[in-house]
Amino acid sequence: MLTKNNIFYLSLGLIFLFIWMFFPGYAVVLFLLFLILFFAYFLEWGLYVFLILSAFHGFTLVFGNYEWAKHLPYLPAINAPVGDFFGVLLLFSFLIYLFFTFSRENFILIFNFFKKTFWYFLFLIVALVSLLFVFDHNVSEGLKYFVRWPLFAYLVFLFLPFAIIKNQNVLNKIIKLWFWLGVGFALYGLGAIFNSSGEWWRISPYPIFGFTPLVLNHNALAELLTPIVPLGLWLAWQAKNVLHKSANFYLFFTGLILAVALLTLSRSAWLGLLGEAIVLLYFFRAQLAPLWKRASWQKNIFFVSFIGVFVLIYMGAFVLFSPASLSSTSARLDTIKVASWYFSRSPVIGYGVGSFVPLLNSTKAYIIEYGEPLESHGFIQKIMVEEGLLGLFFFLGFLVVLFRQFFLLAKKHNSLTPMPVFLLAFALGAVMFQIFDTSYFSYAMWLPLGIVLASTKFNYAE
């Protein structure tokens, strides 16, 4: 039945279709404006979409592939994961929301965010100053890198979750959404059984009918799954103690996520899971101590330990004897050596933001041995080279201050609700993974930090 509203929406659709047929560039702009205005009104839904799209890191938008974009200035050279583009769109949506609803409460929100992240703001200043000494005097490339990575992570992955998550109900929805994303990617990872090739078997991302949801590297799957394990354990605890339901459902799928993360044979995943385990064992040591004496638990622990030892032996053999693992270890050690050499020649302010890869490209011995470099495997040596000791001091200071907030919150509310404890493990797993990986300015590290930072606004005693 045709109503006035249906006729209105049908007319809009026809107008958009007409514009798309004759002026596709303008149609895209109109569609983006519509999305910005729509999510300015539904910010929480925008955050959910952002979380989902960010997980599909291999889904990259390359404007140069589209005919309508080839005639526009600068646009054909732009490419990035779809999640990052949506993050920019959501940032514009929030700015529009802020413009029409600005109040004392919003001012306090922004001030509190700035106060909680002040050390990172100082790091950004050092990164900007380092452009004065940037390698090869390439200031424009350094500035583009600064906006694309350190500043983007600060505004999109850290600020947006902090600003949009206004209560524990939204936080709970995000945790459940993230958990089910983990389940989906764990099931996807099991498909590697039929796609694996090579002497050593491991779970790694693979294309599905030409579509690659993740970058085709085992670490891409491991860095997504590793932080989700504590979230699954929190949902199991909540099901049993709050909802009074069976926790076995969540425990089963959490075990699946853990198993797939381990079977990627990612050493960074081992490190992240170890950090999560230490946090959970520390905070729940009093509750776990009596359980060790139960016969049923002893049988379960024996079974899990047996499986764990088997997996560790296989993983250890992979590290010791696999050519791929040995080559990766050698490349990382040599990268650290090169980074140390450059750091010793400019220890205070470094060679400028974004200069790590160009420096490696100029190191002929490294290029001859390993070919074209990708990125530093770890944010510590990268920041040491690019922003020197000054930048590293503020960056690590930011992480220390941030995790001190998380730790105090977990310690304060442990007797009332363990959610902050699991969130602390969640954030720590994400950061520890990036000590030896390359996604330190992407969603994999910063979105968990933004989510947990938002949780510091709530009073869990209520």
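The values are calculated or read from the model by the stated rules, or taken from the named source; none is laboratory data. Because the structure is a prediction, the values reported are computed rather than measured. Glycine gets a Cβ as well: all are built from the backbone with ideal geometry, and neighbour counts include every protein chain shown.
Here is how the numbers come out for the structure above:
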{"quantity": "Flag for Ile278 being out of contact with any Gly (no Cβ under 6 Å at 6 or more places or on another chain), modelled with pLDDT of 90 or more and assigned to a helix (DSSP H, G or I)", "calculated": "yes"}
{"quantity": "Residue selected from the range 366-377 under the condition out of contact with any helix residue (DSSP H, G or I) (no Cβ under 6 Å at 6 or more places or on another chain) and touching a residue at least 60 places away in the same chain (Cβ under 8 Å), by the criterion surrounded by the fewest Cβ atoms within 10 Å (Cβ to Cβ)", "calculated": "Leu374"}
{"quantity": "Which listed residue, of Pro230, Pro213, is buried (at least 17 other Cβ atoms within 10 Å of the Cβ) and either among the aromatic types (Phe, Trp, Tyr) or part of a loop (DSSP other than H, G, I, E, B) (or both)", "calculated": "Pro213"}
{"quantity": "Enumeration of residues in the range 52-69 that are among the hydrophobic types (A, V, I, L, M, F, W, C) and either under 12 Å from the mean Cα position of the chain (by Cα) or part of a loop (DSSP other than H, G, I, E, B) (or both)", "calculated": "Ile52, Leu53, Ala55, Phe56, Phe59"}
{"quantity": "Test result for Gly189, touching a helix residue (DSSP H, G or I) at 6+ places or on another chain (Cβ under 7 Å), among the small types (Gly, Ala, Ser), in a helix (DSSP H, G or I) and within 16 Å of Tyr48 (Cβ to Cβ)", "calculated": "no"}
{"quantity": "Looking only at the range 126-165, and only at residues there that are surrounded by 19 or more Cβ atoms within 10 Å (Cβ to Cβ), closer than 18 Å to Ser346 by Cβ and touching a helix residue (DSSP H, G or I) at 6+ places or on another chain (Cβ under 8 Å), the one that is modelled with the lowest pLDDT", "calculated": "Phe135"}
{"quantity": "Of all residues in the range 109-156 being among the polar types (S, T, N, Q) and either in contact (Cβ under 8 Å) with a residue 40 or more places away in the chain or touching a His at 6+ places or on another chain (Cβ under 8 Å) (or both), the one that is nearest to Leu390 (Cα to Cα)", "calculated": "Ser130"}
{"quantity": "Selection within the range 161-171 - part of a helix (DSSP H, G or I), touching a residue at least 12 places away in the same chain (Cβ under 8 Å) and over 14 Å from the mean Cα position of the chain (by Cα)", "calculated": "Phe162, Ala163, Ile164, Gln168, Val170, Leu171"}
{"quantity": "Matching option when the condition is closer than 21 Å to Leu47 by Cα, of a type in the set (Val, Ile, Thr), in contact (Cβ under 8 Å) with a residue 12 or more places away in the chain and surrounded by 22 or more Cβ atoms within 10 Å (Cβ to Cβ), among Val421, Val385, Val452", "calculated": "Val452"}
{"quantity": "Options Ser204, Ser196; residue that is hydroxyl-bearing (Ser, Thr, Tyr), under 22 Å from Ala269 (Cβ atoms), at pLDDT below 95 and buried (at least 17 other Cβ atoms within 10 Å of the Cβ)", "calculated": "Ser204"}
{"quantity": "The listed residue being at positive phi and either touching a Leu at 6+ places or on another chain (Cβ under 8 Å) or in a helix (DSSP H, G or I) (or both), out of Gly397, Gly388, Gly450", "calculated": "Gly388"}
